[in-house]
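Data block below; observations after.
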Amino acid sequence: MSGETDLDTLLHSLSAKLGSGLFVFSTLGSRDIPAGLYPRMMFQEGEGTTLILLKGEAEAHGIAYEFPCRMITLDVHSSLEAVGFIARIAGELAKAGMGVNPVSGFFHDHLFVPDGRQDEALAILARIAAGTN
């Protein structure tokens, strides 16, 4: 289950799926997550706990947030040791003037792109997979 490491294989077998929901980034000063809150991702930093969660959950819990975004899952099992995969994708999105916040899970990489630009991001990813970028 180690995943693919070959960059060409990763890029040419790339497919992307748009997740449902509008996500936001937030931070809590403590490690305590309010009951009923189910973040997509949690990461402990020195300054606090970063959360990626649905905008509606943040609002329902009165949690301040930034960066309304959409989640795109890269449907290829990339190795955690793969070199250049996310850099290539981020570079192509950057050429379009699009910031991206990538998160790597064990099985897949997930891209959080600005809300409203998800279709453009998906088109760029399709071009990468087709080898036309």
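Among the residues of segment 37-53, those that are in contact with a Phe, Trp or Tyr (Cβ under 8 Å, 6 or more places away or on another chain) and either acidic (D, E) or buried (at least 18 other Cβ atoms within 10 Å of the Cβ) (or both) comprise L51, I52, L53. The set of residues from segment 22-65 being hydroxyl-bearing (S, T, Y) and in contact with a Lys or Arg (Cβ under 6 Å, 6 or more places away or on another chain) comprises just one member, T49. Pairs meeting the criteria (first residue in segment 96-109 and small (G, A, S), second residue surrounded by 13 or more Cβ atoms within 10 Å (Cβ to Cβ) and part of a strand (DSSP E or B), beta carbons under 9 Å, at least 6 apart or on different chains) are G99/F67; G99/V113; G99/P114; S104/S78; S104/H110; G105/M41; G105/T73.
Condition (residue is surrounded by 15 or more Cβ atoms within 10 Å (Cβ to Cβ), touching a helix residue (DSSP H, G or I) at 6+ places or on another chain (Cβ under 8 Å) and either within 20 Å of I124 (Cβ to Cβ) or at pLDDT below 85 (or both)) applied to segment 23-36: is it met by at least one residue? Even if it seems obvious, please write down each step before you answer.
To start, the set of residues in segment 23-36 that are surrounded by 15 or more Cβ atoms within 10 Å (Cβ to Cβ) comprises 23-28, 33.
Add one more test, that the residue is touching a helix residue (DSSP H, G or I) at 6+ places or on another chain (Cβ under 8 Å), and what stays is 23-24, 26.
After this cut, where a residue has to be either within 20 Å of I124 (Cβ to Cβ) or at pLDDT below 85 (or both) as well, the list is 23.
Yes - at least one qualifying residue is present in segment 23-36.
Taken across segment 76-89, residues that are at pLDDT 95 or above and either in contact with a Lys or Arg (Cβ under 7 Å, 6 or more places away or on another chain) or of a type in the set (D, E) (or both) do not occur at all.
The values are calculated or read from the model by the stated rules, or taken from the named source; none is laboratory data. Here the structure is a predicted model, which is why all the values come from computation and not from measurement. As a convention, Cβ positions derive from the backbone with ideal geometry for all residues, glycine included, and neighbour counts pool all protein chains shown.
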